[in-house]
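Q: Below are the C-alpha cells for one structure; questions will follow.
The values are calculated or read from the model by the stated rules, or taken from the named source; none is laboratory data. What you see is a predicted model; the values in this text were computed from it and never measured. Every residue, glycine among them, receives a Cβ derived from its backbone with ideal geometry; neighbour counts consider all protein chains shown. Areas reflect the complete protein model, heavy atoms only, side chains present, ligands, DNA and RNA absent. Shrake-Rupley method; radii C 1.70, N 1.55, O 1.52, S 1.80 Å.
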Amino acid sequence: MALWWAGGKLAALLPIAAPGPVVGLALLLALLRIGAVRRLVERPAALLTGVLGALIAPAVVALGDGVPGLAPGDGWRIAIVLVATTLATGVVTALTWRALSR
Amino acid sequence: MSPAMVLLGTAGTLALFLLMRRVARALGGPALANPVAATCAILIAGAHIAGASSVAIADAAWPLRWALGPAIVALAVPIAQGWAGFAGRRAALLGTVALGSLAGIASAVLCARMVGLGAVPVMALSSKSATSPFAIAIMERLGGPAALAAGASIVTGMLGAMLLPPLLKRLRLADDATMGLAMGQAAHIVGTDALGRTQPGAARVAGLALALAGLATAAWLGLLWPWVRG
C-alpha cells in the first residue's frame with residue numbers, strides 16, 4: 001500500500017507518463033531482493049493478484065450504459081482490429097524471441 | 001452513495017466473480033467461459049432488468065477499483081519469481097517484450113486508423129496488448145478512455161486464448177518459452193489461464209510476460225501518446 005502511494009507521488013515527478021501503480025511495482029521489484037520484504041508481501045500479493053478479475057469488473061460494467069465517443073458501426077471495426085492485431089502481436093513476439101534467444 | 005450500497009456493490013461483485021471462476025473451472029475452463037466477462041455481463045444485464053444504471057453499479061463497487069492500484073504493485077511478486085527462470089536469457093526476454101509491446105501498440109493504432117475508427121477507440125485500442133489492470137492505469141494517467149480500454153483488453157485476451165495457440169502450433173512456435181511469451185504478451189491473463197490447463201510450463205512464462213508487457217506498454221505509450229492521440 002505504501003509503495004502504491006509512493007509510486008503515485010514519484011510518477012508525478014517523472015518526465016514520462018508512467019502510471020503510479022507501475023512505478024510502485026518497479027519499487028517493489030527492487031525491494032524484493034530483501035528477504036524480509038519478500039516474506040512480508042508474498043501472501044497479501046497472492047491474495048490481491050488472485051482476484052484481479054474482480055477488480056477489473058467495475059471499469060467494464062460502467063460501459064453498460066454506452067460508450068461516449070463511439071460511432072454506429074464501430075463495433076465491427078473494433079472486432080477486426082482486435083483479431084488481426086492480437087494474432088500479429090503474438091506471432092511477432094514469438095518470432096522475436098526465437099531470433100534473440102539463439 | 002450510502003455505505004450499505006457500497007458494501008453490497010463491492011461484496012456482490014467479488015462474490016459473483018468468485019462464483020463465475022468456480023463455474024469456469026467446473027466447465028474445464030474453455031476460453032469463452034471467462035469469469036471477468038461473465039461477471040460483467042451478469043451485472044450489466046441485472047442493471048438493465050432492474051432499470052438501474054450500469055455506472056451506478058460500477059460506482060457502488062468503487063473499493064474494488066481502488067484496490068486495482070495496489071494489485072498492480074503486487075504483480076512484482078510473480079515477476080520476481082519468473083525472472084529467476086530466465087538466467088542467461090534476460091536480455092533476449094526484455095528485448096522480446098519491448099518489441100512485442102511496440103508491435104502491439106503500432107499494429108493496433110495503424111489498423112484502427114486504416115478501418116476508419118475515431119480518436120476515442122484508437123486511444124483505447126493502443127493499450128490492448130497490456131492486461132486490463134495496466135490498461136486502466138495507463139489510460140487514467142494519460143487521459144484516455146479507461147473503461148473502453150479495459151473492455152478491449154479483456155476481449156483481446158479471450159480472442160488470443162482461442163486463436164493464438166493453434167496458429168503458433170501450426171507455425172512450429174509452440175515450445176514453452178515461445179508460446180508463453182507470445183500468449184502473455186498478446187492474450188494476458190485469459191491466455192495465461194488457458195495455458196495453465198494445457199501447457200503449465202508455458203503458463204509460468206506467460207505470467208511473467210504479461211506483467212513485463214504491461215510495464216513495456218506503459219513506457220511505450222508514455223512516449224508515443226501524442227502520436228496515438230493524433
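Q: Among the listed residues B:ALA161, B:ALA106, identify the single one that is touching a helix residue (DSSP H, G or I) at 6+ places or on another chain (Cβ under 7 Å) and either of a type in the set (S, T, N, Q) or more than 7 Å from chain A (Cβ to nearest Cβ) (or both).
A: Going through B:ALA161, B:ALA106 in turn, the sole match is B:ALA161.
Q: Might you check whether a residue that is in contact (Cβ under 8 Å) with a residue 40 or more places away in the chain, outside any helix (DSSP H, G or I) and within 20 Å of the chain's Cα centre (by Cα) occurs anywhere in the range B:61-72?
A: Yes, there is a match, as at least one residue in the range B:61-72 is in contact (Cβ under 8 Å) with a residue 40 or more places away in the chain, outside any helix (DSSP H, G or I) and within 20 Å of the chain's Cα centre (by Cα).
Q: Here's a follow-up. Here's a check for you: in the range B:1-50, which residue that is open to solvent by less than 60 Å² (accessible area, probe 1.4 Å) and of a type in the set (Val, Ile, Thr) is farthest from A:VAL60 (Cα to Cα)?
A: If we take residues in the range B:1-50 being open to solvent by less than 60 Å² (accessible area, probe 1.4 Å) and of a type in the set (Val, Ile, Thr), then B:VAL6 is farthest from A:VAL60 (Cα to Cα).
Q: Please verify whether B:ALA52 is under 16 Å from A:GLY66 (Cα atoms), more than 8 Å from chain A (Cβ to nearest Cβ) and assigned to a loop (DSSP other than H, G, I, E, B), treating the condition exactly as stated.
A: Yes; evaluated as a whole, the condition is true for this residue.
Q: Considering only residues that are open to solvent by 30 Å² or more (accessible area, probe 1.4 Å) and assigned to a helix (DSSP H, G or I), which ones fall in the range A:51-90?
A: Scanning the range A:51-90 gives A:LEU63, A:ASP65, A:GLY75, A:TRP76, A:ARG77, A:ALA79, A:ILE80, A:VAL83, A:ALA84, A:LEU87, A:ALA88.
For (1) over 10 Å from the mean Cα position of the chain (by Cα); (2) crowded, with 22+ Cβ neighbours inside 10 Å; (3) more than 24 Å from A:SER101 (Cα to Cα), each residue gets a yes or a no:
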position: B:ARG170; (1), (2), (3): yes, no, no
position: B:ASP193; (1), (2), (3): yes, yes, yes
position: B:PRO200; (1), (2), (3): yes, no, no
position: B:LEU215; (1), (2), (3): yes, yes, no
position: B:LEU221; (1), (2), (3): yes, yes, yes
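Q: Show me the helices (runs of 4 or more DSSP H) found entirely inside the range B:88-156 where at least 3 residues are modelled with pLDDT of 95 or more and either on the phi < 0 side of the Ramachandran plot or of a type outside the set (A, V, I, L, M, F, W, C) (or both).
A: B:90-114, B:119-126
Q: If you go through the range A:23-40 one residue at a time, how many are farther than 20 Å from B:LEU215 by Cα and either in a loop (DSSP other than H, G, I, E, B) or within 8 Å of chain B (Cβ to nearest Cβ) (or both)?
A: Final tally of qualifying residues: 2.
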